[in-house]
Structures are given as C-alpha cells and as structure tokens.
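Novice: Quick one: this structure, given as structure tokens, is what I'll be asking you about.
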Amino acid sequence: MTKTPQISVLMSVYNAENDLKNSVESILNQTYTNFEFIIINDGSTDGSLDILEKYAAKDQRICLVNQENTGLTRALNNGVKLSKGKYIARQDADDISYPKRFEMQVELMSCDSSIVLCGGNCDDLYEDGSKGVWGSYNSDELQKIVFLKTVFAHSTVMMRSDVCVDFGGYDESFKTSQDMDLWMRFAKKGKLAMVEEPVIQRKIRAESISNKRRWRQFYDASRARWRHNHGIINKMHALYYGVRSLIIGMLPAKFINFLKKA
C-alpha cells in the first residue's frame, strides 16, 4: 500500500466457505477505500483458505494470515496487533457490509473526537426466511444500556485503534461475549455512537456460536455485567437482563421479531 490506511478491517475466518465470497466482496466494494483488510484464517478445514488466497492475490489491501485454530478471541487479538489504521472495523465472515458503511462511520467519528466506538443498526436474516432489524439507540442511551445488554452486532463496530490497543484488545478469558466486555470498557473511556440506518446484513443460524454455546455465552455475558456494574442494585439489575436475554434467545425467530416490533 502506498499510504497509511485509515481503517484496519479485521475478520477472523473458520470454515466459512459458503458465505465468504459475499462477505469479503462487501468490504472490497466499499465506497470508502483507504483501508487494509486483515483476514485471519483460524485453522479452517474447508475451502476457506483457497478462497482467501485468491482474493489476496488480486487485492493488495488484503493481509492474509494463516494460523492454527486458536478460537475467535485470540484470533482477533492477533489481528489487532497487526493493525495500522486509525480505526479498527470488525467484520464477521458470514455478514455483508453495505457499500457506504465505512463512509458513514468515518464521517461520524471524524466529526467528534470524543467518540471512541461507533456501531450501527443491522438487518437480520433468519434461516426460516423471516427478517428483522436490530434497532438503534442514541449516545445517551448507549452509555447506560451498554452495561446491561449487547448494543451492537459485532460486525457493525468501528473503534479507535489506539484505545483498543491501550486496553490490550479483547480479554482472552472470554470464549464468547468478548465484544460485550470490550464495549463496556470503551464506554468507560469515552463516547459511544451508532449509525441509525442498517450498515450490515447478518445471517442468524441455528448453528451459530450464540445458539450452539448458549450457556457459555450466558456465563461470559453475566461475568462481563458483574465485572463492570458496581453496587448490588446495579449488579442485580444486570443479572435480570442476563436471564432475560437467555430466555429470549430460546424463542423462535418469528416471535423475537414480533417482540421487537411490539
């Protein structure tokens, strides 16, 4: 690359060959082009590496790292260490970023230096064909509810890299909910913001990590809430949100969408 990238896009890949092309191309086709694309192939055993190598050979913005499987949290931290950009943007291997995502988020963050973390709304696409929208919050709301629930889908987030590095990246004791813990730490450091319109489309699958390892996610999310909420009343309130999220996560997708719209 001839110039320092403004954004370091960070993706960890593990056996994602079915969705990988659309996901990668959604990044390469962004209207904002000054970025590096750090892709960690985390020990995939399917055709993911072959797909990634072909893209890396064609686009110099891609930095492809092939490693033995370490799990998502450690793979992301390996990517954080390689990042050169002012901002770090996340992208999961089965999500699709809309073309103006980076353009909107960089504009928002460059206009307000107090914003340390910027997420976005997203469109949810379920296996049964139903659709939903994540929802959006203003900055005042975000500063409060980030300590109770996951306020952003992981793939929507753009963060200031210096703050992330100062934190040491993601806490590797979290096998899941590593994003939730990190957002809480960011909220203690500065202002959170959110793009109101959807910036990505994400697929919700029965075999996703949030469903396959539901109880581990409940444990990790509860641990994050307990760590960052102070005082017994706040901790009990946070515990209520944890149990509530666990119950809601067991409901059918169509009913969850109904609750969101109600």
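Novice: List the GluC sites (Glu not before Pro) in the stretch 3-63 that DSSP assigns to loop (not H, G, I, E or B) and whose Cβ has at most 13 other Cβ atoms within 10 Å. Which are they?
Specialist: none
Novice: To the nearest 500 deg cm²/dmol, what mean residue ellipticity at 222 nm is calculated for the chain from DSSP H runs of n ≥ 4 alone, each contributing -39,500 (n - 2.57), summed and divided by the residues?
Specialist: It lands at -13000 deg cm²/dmol.
Novice: So what are the radius of gyration and Dmax for the Cα set of the stretch 1-109, in Å?
Specialist: Rg then Dmax for the stretch 1-109, in Å: 12.9, 39.
Novice: Continuing with this model, one more query. Treat the count of other C-beta atoms within 10 Å as a stand-in for reagent exposure and order L117, L64 from fewest to most.
Specialist: Ranking L117, L64 by Cβ neighbours within 10 Å, fewest first, gives L64, L117.
Novice: Please give the length that would be gained between I145 and N34 if that part of the chain were fully extended, namely 0.36 nm times their separation in residues minus their C-alpha to C-alpha distance (nm, one decimal).
Specialist: Between I145 and N34, full extension yields an extra 36.7 nm.
Novice: With charges set only on the Cβ (+1 for Lys and Arg, -1 for Asp and Glu), what does the dipole of the stretch 7-261 come to about its Cα centre, in debye to the nearest 20?
Specialist: Computed charge dipole of the stretch 7-261: roughly 960 debye.
Novice: Give me the percent relative contact order of the chain, please, defined on Cα pairs under 8 angstrom at least 6 residues apart.
Specialist: The value is 21 percent.
Novice: Using 0.36 nm per residue of separation minus the Cα-Cα distance, give me the extension gain between E197 and K21 in nm, one decimal.
Specialist: Length gained, E197 through K21: 61.0 nm.
Novice: In addition: For the pair I232/D59, report the inter-label distance in nm, with labels modelled 7 Å from Cα in the Cβ direction.
Specialist: 5.4 nm
Novice: I want to verify a result. In a Gaussian network model of the chain, Cα cutoff 10 Å, which of these has the top mean-square fluctuation: S114, S222, S161?
Specialist: Its mean-square fluctuation being the largest, the pick is S114.
Novice: Can you tally the net charge around A93? Count Lys and Arg as +1, Asp and Glu as -1, for every other residue whose Cβ sits under 13 Å from the Cβ of A93. Before the final figure, lay out each step's value.
Specialist: Working: positive: K21, R90, R202, K203, R205; negative: E17, D19, E25, D42, D46, D92, D94, D95.
So the surrounding residues net to -3.
Novice: With each label point set 7 Å from Cα along the Cα-Cβ vector, what nm distance links S130 and N66?
Specialist: Placing both labels 7 Å beyond Cα along the Cβ direction yields 4.2 nm.
Novice: Oh, and also: What is the distance in Å between the Cα centroid of the stretch 1-30 and that of the stretch 163-194?
Specialist: 21 Å
Novice: What nm value, rounded to one decimal, do you get for the distance between L82 and K175 when each label is placed 7 Å out toward the C-beta?
Specialist: Placing both labels 7 Å beyond Cα along the Cβ direction yields 2.6 nm.
Novice: Taking neighbour counts of Cβ atoms within 10 Å as a proxy for exposure, in what order, fewest first, do T4, T33, T156, T70 appear?
Specialist: Ordered by Cβ neighbours within 10 Å, fewest first: T4, T33, T70, T156.
Novice: Hey, another quick one. Based on other C-beta atoms within 10 Å, arrange C122, C164, C111 from fewest to most.
Specialist: Lowest count first: C111, C164, C122.
Novice: In degrees, nearest 10, range 0 to 90: what is the angle between the Cα axis of helix 48-58 and the longest Cα principal axis of the chain?
Specialist: Tilt relative to the chain: about 50 degrees.
Novice: For the chain, build the convex hull from the C-alpha positions and give me its volume per residue in Å³.
Specialist: On the way: hull volume 32.3 nm³, N = 262.
Once divided by residue count, the hull of the chain is 123 Å³.
Novice: Please turn the phi angles of the stretch 14-23 into ³J(HN,Hα) values with the Karplus equation 6.51 cos²θ - 1.76 cosθ + 1.60 (θ = phi - 60°), one per residue in order, whole Hz, x for glycine and proline.
Specialist: Listing the rounded values in order: 9, 6, 10, 4, 6, 10, 5, 4, 4, 5 Hz.
Bear in mind that the values in this text are calculations on the coordinates, not laboratory data. All values reported here derive from a predicted model rather than from experimental measurement. Every residue, glycine among them, receives a Cβ derived from its backbone with ideal geometry; neighbour counts consider all protein chains shown.
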